[in-house]
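The values are calculated or read from the model by the stated rules, or taken from the named source; none is laboratory data. Keep in mind that what you see is a predicted model, and the values were worked out from it rather than measured. As a convention, Cβ positions derive from the backbone with ideal geometry for all residues, glycine included, and neighbour counts pool all protein chains shown.
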Amino acid sequence: MRPLKTVPSSQSEYDFPESKLWFAVIVQALTDAAYTGNRREPLYNKRAAIEWMKSEGYDFKMVFQYAGYEYEYAMRKVRKLLSSIEYQLNKTQLAILTKKKFIPRVGTDIRYKLSF
């Protein structure tokens, strides 16, 4: 079995395509969690990525192991990142995520007037 890395190494004999794929999963989760915009779909991804990283569940641990990283070291780094402001939902983003769309009830009398 190949040794686990604590930091990304340069091109080495241990850089397998599978490890690069799982590393890309980690990078995508961190990218999603750092989203600063106000578009709804990326905000859902941000919230899901933050919850996934905070949960420290079995799948989260396995992704780091598959990528070839020691979980304990990586988790310390992830906790530090999650404490920074950009990895948290701000008030505007929370308002966008909790805002409910207006759906008119069937049978209501809504009229629109077209003018040219």
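In segment 34-68, what residues are within 30 Å of Thr92 (Cβ to Cβ), surrounded by fewer than 19 Cβ atoms within 10 Å (Cβ to Cβ) and among the basic types (Lys, Arg)? Within segment 34-68, Arg39, Arg40, Arg47, Lys54 meet the criteria.
Would you mention how many residues in segment 46-62 are small (Gly, Ala, Ser), out of contact with any Asp or Glu (no Cβ under 7 Å at 6 or more places or on another chain) and under 13 Å from Val78 (Cα atoms)? Result for segment 46-62: 1. Put simply, of Ala74, Ala34 the only residue that is within 19 Å of the chain's Cα centre (by Cα) and at pLDDT below 90 is Ala74. Within segment 26-45, the set of residues being in contact with an Asp or Glu (Cβ under 9 Å, 6 or more places away or on another chain) and either assigned to a helix (DSSP H, G or I) or among the basic types (Lys, Arg) (or both) comprises Ala33, Pro42, Asn45. Selection of segment 46-70 for residues being assigned to a helix (DSSP H, G or I) and either among the charged types (D, E, K, R) or under 17 Å from Lys99 (Cβ atoms) (or both) yields Lys46, Arg47, Glu51, Lys54, Asp59, Lys61.
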